[in-house]
Amino acid sequence: MNMQEDIHTVDEIKAKMEHVRVVGVTCLGINHPLLVNKKFDICIMDEAGQTTLPVSLGPLMLASKFVLVGDHYQLPPLVQYRMCAGIMELSNALIYGNRLRCGSSEIADAKLEFSCSKSTILWQQEILNPNRSVIFVSTDNLAASEEQDHKALITKELIRRGIAGDGIGIITPYNSQANIIRQVIGASVEVQTIDKYQGRDKDCIMVSFVRSSKNLRSCNSSLLGDWHRINVAITRAKKKLIMVGSCETLSRVPLLKLLIEKVNEQDGIVCISNNDLPCLEELKKSFHPSL
């Protein structure tokens, strides 16, 4: 229909519509006032495999016959505007069946930008390499009493290199572990449980999983075995995701085993030992100079 003809009123538009044989409209656009009470002989719905049943019912109710065109095996892509491509790839492989897509090239290529020179410590260089968006720090060779030290060291180095404290978040499944991390790091960086971080994000997220354990029941607890919670944990970071935990312990949980294998495919596993860490008391003083 040529709407540039000499038409000036709504009634004139409605009259013109009565003579139109084909109308093109989106599924949601079928509710336009000009289409109220209008009936069609046939409705042809393109890309029907990528629309939901409730949305498709609107246009189908306006026709006595309908034809659905599309690939019913094709799942619709989900566009996200938070994670860079490397981080998105994790949840894409584990949860979303490779349906996720980055909303723009800027989001896909986003990375941390440091304002200071990099650390002279090799393992810190590996972890904070901006070209590696996903890192898993294995604590298999660390004593349980020193498991919080490396998280504080990584956080301190992020801040030293110019990442603002409010751009960093540390999350963990456990309230008790969150309290311990706060004692070491203080208020410079937000520390919360995974559940309290749902719907939120930061440029850099550190996920602290669990200390090494030989207890299979503790490894398969509802907190670590719930794929919804794990999905929340790995999708909070925009530019850098640093996961910390025992590969040996977490690999006993099927989903986390797949996660670790996926990170390993990206060459993102970094192993550290007690020799890599300074004295805990010196570390606390670096965060709390008054001590």
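The values are calculated or read from the model by the stated rules, or taken from the named source; none is laboratory data. Because the structure is a prediction, the values reported are computed rather than measured. Cβ: placed from backbone, ideal geometry, glycine included. Neighbour counts: every protein chain shown.
Could you look through segment 30-53, keep only residues that are under 19 Å from Ser64 (Cα atoms) and among the acidic types (Asp, Glu), and pick out the one that is surrounded by the fewest Cβ atoms within 10 Å (Cβ to Cβ)? The qualifying residue surrounded by the fewest Cβ atoms within 10 Å (Cβ to Cβ) is Asp41.
The sole residue among Val191, Val232 that is in the same structural domain as Ile181 (by TED's automatic domain parsing), in contact with a Lys or Arg (Cβ under 7 Å, 6 or more places away or on another chain) and either surrounded by 15 or more Cβ atoms within 10 Å (Cβ to Cβ) or at pLDDT 95 or above (or both) is Val191. Restricting the first member to segment 129-149 and to residues that are at pLDDT 95 or above, and the second to residues that are charged (D, E, K, R) and not in a loop (DSSP other than H, G, I, E, B), the beta-carbon pairs closer than 7 Å and six or more apart or on different chains are Ser133/Lys239; Ser133/Lys240. Going through (1) in contact (Cβ under 8 Å) with a residue 60 or more places away in the chain; (2) over 30 Å from Ala48 (Cα atoms) one by one, Thr120 falls short only on (1). When Leu283 is tested against (1) among the aliphatic types (A, V, I, L, M); (2) surrounded by 17 or more Cβ atoms within 10 Å (Cβ to Cβ); (3) assigned to a helix (DSSP H, G or I); (4) modelled with pLDDT of 80 or more, exactly one condition is not met: (4). Checking each residue in segment 88-99 for being at pLDDT 90 or above and either surrounded by fewer than 16 Cβ atoms within 10 Å (Cβ to Cβ) or in contact with a strand residue (DSSP E or B) (Cβ under 7 Å, 6 or more places away or on another chain) (or both) picks out Met88, Leu90, Ser91, Asn92. Could you tell me how many of the residues in segment 90-126 are in a helix (DSSP H, G or I), over 27 Å from Leu153 (Cβ atoms) and among the charged types (D, E, K, R)? Count: 1.
Kindly establish whether Ile205 is closer than 25 Å to Lys239 by Cα, at pLDDT 80 or above, out of contact with any helix residue (DSSP H, G or I) (no Cβ under 6 Å at 6 or more places or on another chain) and assigned by TED's automatic domain parsing to the domain that holds Ala110. Outline the logic, then answer.
Values: closer than 25 Å to Lys239 by Cα: yes; at pLDDT 80 or above: yes; out of contact with any helix residue (DSSP H, G or I) (no Cβ under 6 Å at 6 or more places or on another chain): yes; assigned by TED's automatic domain parsing to the domain that holds Ala110: yes.
Against the criterion (closer than 25 Å to Lys239 by Cα, at pLDDT 80 or above, out of contact with any helix residue (DSSP H, G or I) (no Cβ under 6 Å at 6 or more places or on another chain) and assigned by TED's automatic domain parsing to the domain that holds Ala110), Ile205 qualifies.
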